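The values are calculated or read from the model by the stated rules, or taken from the named source; none is laboratory data. Note that this is a predicted model, so its numbers are computed, not measured. Here the Cβ is made from the backbone with ideal geometry for all residues, glycine too, and neighbour counts use every protein chain on show.
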Amino acid sequence: MRVLRRYASVLLLVALWEAAARAQLFNPVLFPPASRIAGRLVALTADGTLLYHAGQSLGRMAAGFALALLVGIPLGLAMGRSRAVEAFFAPIFAFGFPVPKIGLIPIFLLFFGLGHGSKVALVFVDALFPVVLQSFHGAQLVEAQLVWSARAMGDSDLRILRRVVWPASLPHVFTGIRLGLVVALIVVFLSEMVAAGSGLGHVMILAARNFKIVEMYTAILAIGLIGFVLDKLLLAIRARVLAWTEEAVPA
Amino acid sequence: MARALAVLGRNASLLLVLAAWEGLPRLGLVSPEILPPFSVALANVGLLLREGELPRHVLFSLSRQAAGLALGVVVGVTLGVLMAWSRGVCAFFEPILTLTNPIPKAALIPLFMLWFGIGAVAKIMLIFIGTIIPIVISAYHGVGDVNPNYLWSARAMGDGTWRILWRVVLPAASPQILAGIRLGLIVSLIVLVGSEMLAGREGLGWFIAFTMETGQYDLTYASMLTIAVIGFAYDRLYLWLMRGLLAWKESP
Amino acid sequence: MTGKIVARGVGKTFRDARRGVGVTALQSMTLAVRDREFVSILGPSGCGKSTFLYIVAGFVPATEGEVLVDGRRVTGPGRDRGIVFQEYALFPWQTVLQNVTYGLRAGSAAEREARAREFVRMVGLEGFESHYPRELSGGMKQRVALARTLAYDPDVLLMDEPFGALDTQTRSLMQEELVRIWEANQKTILFVTHSVEEAVLLSDRIVVMTARPGTVKKVVGVPFGRPRVLEALLTDVRAMELRGEVWHLVKEEVLKAGRDGAGARGPRP
């Protein structure tokens, strides 16, 4: 019941959509009823089409994203703790951050062809930035006193990295992961729309070009659902891992 | 001389990338068909500038981006402030934002093309939708983080709601709002290029896709370089502006 | 009961909507402050003294009782009651002069600026008009906060531990400043503090509060005449005795607060 109340405005909008579509207030071709879209979503999931394409998209995204995490988190942390590392890599990230890396699709297509590789590479490059920047930020903010206490207790640099810097930076690292996920999703679908033979992005643009409107909406809905579920999943993991983060208690 | 060297030294990593871009194709390690050397791409930029292709597309792209961003800023800041100020407004919009936030705005591109056509309106609408989310969120958090003592002080001096919103809340939240607008700026460029690549007849994004499809790869790289520089310059300009506006702020 | 500020049976209970429990911060606060009197409210942490001040200021509504200022019921904040916070609450995006000018309404822009400058000078910050708060020390910031509130001439001054964020030396200097300014202006002041010494040095009367739920434990008169020389009072025997007496009263309440285990922080989540 409470869930319904929270999402009341959304339900209202969906109801309005349904009513407007049935009353044919707008071009019925472009504006099918929500119920039909939902129905098609179920049908396409049942026959496996959506699952196949979703799998393609998610697979590419996961590969690129995992790479971004494997490379980005250690790099960001290292940049946060070592002036030299920061000084060396900072220009790349400072320059690359505002650049719309989607513009680089041609390079990746030329290098990797139309298959999975180009998408994975693009996801990697795009997701890398928020992950590195946030990890960097988190490592930088580790209170000097925490590190000094560990040093005074005789910990080596590596030990300090593992046992102090890493846990202390986790909140920021998670923010980076969350932002990276958002970016990864955008990029994988966008690149699939530009050039791909499979995947939800491809399904959507194909449907649009062939005027199969309901299919198109279905693809959008599927993409949205995936994004929503992944985000919630990440938040749940974050809550578990970061249970020790204190929330300020109002005096 | 020493200063020049110092600047070069600081940007060593970027220079390395450029060196690789120039060296790899020239040494034949990478096919120059796929990766023309940096100098060639640069020369092509000059060529395109002279022939007028580039300025035309850049103008188209940037005007749409600016319009979409401006819309996003005005609506986004207003909405964010209202949401933080009024519980009713917040309750209405918050679930909508939470649900639409994880939707990659890229997914809306074909939809908007169908609704609004492939012209400027569709792009502007897309950019508007894309930029509004980070701006609303940052405005919302910015207002929420305003020190309540500021509000109480202003109330004690007799300020009414509108006066407080304009003279206290907005300036106090401006650091976060301006940071959110920066994100909006970056998103707007991504949505712009993406949507132009998928549909349309002009704009930098279209030009990149077109030159790729027609095999004019050296022009493709030239236009990619242009976008990169534009994105970087735009951001730097904004940061400079932001720093000026926030000169009063103490470092955290 | 009459006076500039009259509080009758003021009580405040905070309700946690989610858990349904209530915390009674204040109960049956009854006191009167005479016109042009300097009254301190003193008590252990968490006794509700700031809450009471905020009720008088109109930021927080009382759940019981009422507060009258000049015979009128307090229903919200107003220009008749100026507030000075512990954290200064200066608008960081405005210069010193702009902050002090903020509350002024009457007159032309030139007149308002002139009046603001006068008050900046009065608190000893002449020359700093174009500085931003971030360039000022804590003591200077508090002076600006004071100037801002005094400039638009409220009837009553409410101060919430205004020197609590300052180091001891600056604090002593600011206390002298406050007394000097007050003796020239003669406003009614309600001053919240947790420092016995401060209360004894500055006030005409001290209201000692009990631990939570806070109420008036005892009102102690401060017999030293005006104008006061604070430095002299530091070594005055009567002042020391008074300090001892008042501290004894407060100490009882501090210990009670600790014993009851509710702590000074309020219910834990």
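Okay, here's what the table says:
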item: Close pairs (8 angstrom Cβ cut-off, 6 or more residues apart or separate chains): closer than 15 Å to residue A:205 by Cβ in region A:45-57, of a type in the set (Ser, Thr, Tyr) and surrounded by fewer than 19 Cβ atoms within 10 Å (Cβ to Cβ) anywhere; result: A:53/A:198; A:56/A:198
item: Set C:42, C:53, C:97: member being at pLDDT 90 or above, buried (at least 19 other Cβ atoms within 10 Å of the Cβ) and away from every other protein chain (no Cβ under 14 Å); result: C:42
item: Residue ID - farthest from residue A:60 (Cα to Cα), chosen from residues in region A:192-202 that are more than 9 Å from every other protein chain (Cβ to nearest Cβ) and touching an Asp or Glu at 6+ places or on another chain (Cβ under 7 Å); result: A:202
item: Residue within region B:162-173 that is more than 17 Å from residue B:60 (Cα to Cα), assigned to a helix (DSSP H, G or I), more than 10 Å from every other protein chain (Cβ to nearest Cβ) and small (Gly, Ala, Ser) present; result: yes
item: Every residue from region A:162-217 that is in a helix (DSSP H, G or I), farther than 19 Å from residue A:98 by Cα, under 21 Å from the mean Cα position of the chain (by Cα) and hydrophobic (A, V, I, L, M, F, W, C); result: A:170, A:173, A:174, A:189, A:193, A:194, A:200, A:203, A:204, A:205
item: Out of B:112, B:93, sole residue that is within 25 Å of residue B:206 (Cβ to Cβ), aromatic (Phe, Trp, Tyr) and within 12 Å of chain A (Cβ to nearest Cβ); result: B:112
item: Meets criteria (under 16 Å from the mean Cα position of the chain (by Cα), in contact (Cβ under 8 Å) with a residue 12 or more places away in the chain and over 23 Å from residue B:156 (Cβ atoms)) for residue C:44; result: yes
item: Test result for residue B:152, more than 11 Å from chain A (Cβ to nearest Cβ), aromatic (Phe, Trp, Tyr) and crowded, with 17+ Cβ neighbours inside 10 Å; result: yes
item: Residue A:145 of a type in the set (S, T, N, Q), under 16 Å from the mean Cα position of the chain (by Cα) and either surrounded by fewer than 20 Cβ atoms within 10 Å (Cβ to Cβ) or under 26 Å from residue A:178 (Cβ atoms) (or both); result: no
item: Out of C:62, C:89, sole residue that is away from every other protein chain (no Cβ under 14 Å), in a loop (DSSP other than H, G, I, E, B) and buried (at least 19 other Cβ atoms within 10 Å of the Cβ); result: C:62
item: Failed item, numbered, when residue B:243 is tested on (1) touching a residue at least 12 places away in the same chain (Cβ under 8 Å); (2) surrounded by fewer than 19 Cβ atoms within 10 Å (Cβ to Cβ); (3) more than 8 Å from every other protein chain (Cβ to nearest Cβ); result: (1)
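Here's the yes/no breakdown for (1) surrounded by 18 or more Cβ atoms within 10 Å (Cβ to Cβ); (2) touching a strand residue (DSSP E or B) at 6+ places or on another chain (Cβ under 7 Å):
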| site | (1), (2) |
| --- | --- |
| C:114 | no, no |
| C:119 | yes, no |
| C:124 | no, no |
| C:148 | yes, no |
| C:154 | yes, yes |
| C:158 | yes, yes |
| C:168 | no, no |
| C:174 | yes, no |
| C:189 | yes, yes |
